[in-house]
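The values are calculated or read from the model by the stated rules, or taken from the named source; none is laboratory data. Note that the coordinates shown come from a computational prediction; the quantities given were computed from them, not determined experimentally. Neighbour counts run over all protein chains shown; Cβ positions are idealised from the backbone, glycine included.
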Amino acid sequence: MLKVQHFVFSMFYENTYLIWDDESKEAAVIDPGCLETFEEKKLAEEIEVNGLKVKYLINTHCHIDHIFGNQFVKTKFNCEFLAPKEDIPLLSDAENQGKMFGVVVKKSPKPDRFIDENTNINMGNIKPKFLFTPGHTPGEYSIYFEDEKLCFTGDVLFREGIGRTDLWGGDTPTLLNSIREKLYVLPDEVVIYPGHGEPSSMGYEKANNPFT
């Protein structure tokens, strides 16, 4: 069974997800937004309490609020780091972006592997699919667990909202196309875990999202 724990980190109120297979205890950290030491400690304590082995660090995209904790997670847990190749300019420029917001961003390690739609990972017998959903950034991916009917949508699709497109590499038609062709084709009962805000479902968004 796939377990999901989420944390709201930093002044950006970013959702960091810790997910794991309850049988094997193999885990992944999705979009670590832990900026402060106490946030890093909170994430590490949850991993320790549940006896987890962190196998993967995954960035759905590489805006600074989703990568603050990359260095911490990679260094502490020695896990495989996956990120979109198209977002590497964002990852490489994170320290400069941080200065715009008055925050010090720890230099992120380079990914061990780039994500594409053929990327295979597993936590025990649990295997997600990566869905290419650009528009908020040039390289964003959503992470879909078909059997578990869960989808981590990063900053693509929110409850009654969509990702902003006024930042570097953003494009509104591309974003809407990603939502309609990659996400809204999934079953209505699929639960959405977004990068900010509360969970939702595909069915709810199809019926109620004013932007799509």
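State which residue pairs qualify: first residue farther than 28 Å from C34 by Cβ and inside the range 171-197, second residue charged (D, E, K, R) in any location, beta carbons under 7 Å apart, and separation of 6 or more residues or different chains.
Matching pairs, first to second residue: Y184/K206; P187/K149; D188/K206; E189/K149.
Determine which member of the set V73, V103 is closer than 16 Å to C34 by Cα and modelled with pLDDT under 95.
V103
What number of residues in the range 31-52 are farther than 19 Å from E14 by Cα and surrounded by 14 or more Cβ atoms within 10 Å (Cβ to Cβ)?
Of the residues in that region, 2 qualify.
Those residues that are hydrophobic (A, V, I, L, M, F, W, C) and part of a helix (DSSP H, G or I), I need them from the range 28-67; list them, please.
Within the range 28-67, F38, L43, A44, I47, V49, I64 qualify.
For residues that are closer than 27 Å to I67 by Cβ and of a type in the set (F, W, Y), scanning just the range 166-212, find the one that is surrounded by the most Cβ atoms within 10 Å (Cβ to Cβ).
The residue in question is Y193.
Could you list, in sequence order, all residues of the range 43-64 that are without any contact (Cβ under 8 Å) to a residue 60 or more places away in the chain and under 20 Å from R164 (Cβ atoms)?
N59, I64
Hey, can you tell me all the residues within the range 145-161 that are free of Cβ contacts under 8 Å to residues at least 60 places away in the same chain, within 9 Å of V190 (Cα to Cα) and crowded, with 18+ Cβ neighbours inside 10 Å?
Hit for the range 145-161 is C151, nothing else.
For residues that are closer than 30 Å to D166 by Cβ, out of contact with any Lys or Arg (no Cβ under 8 Å at 6 or more places or on another chain) and buried (at least 20 other Cβ atoms within 10 Å of the Cβ), tally how many sit in the range 123-142.
Counting residues in the range 123-142 that are closer than 30 Å to D166 by Cβ, out of contact with any Lys or Arg (no Cβ under 8 Å at 6 or more places or on another chain) and buried (at least 20 other Cβ atoms within 10 Å of the Cβ) gives 8.
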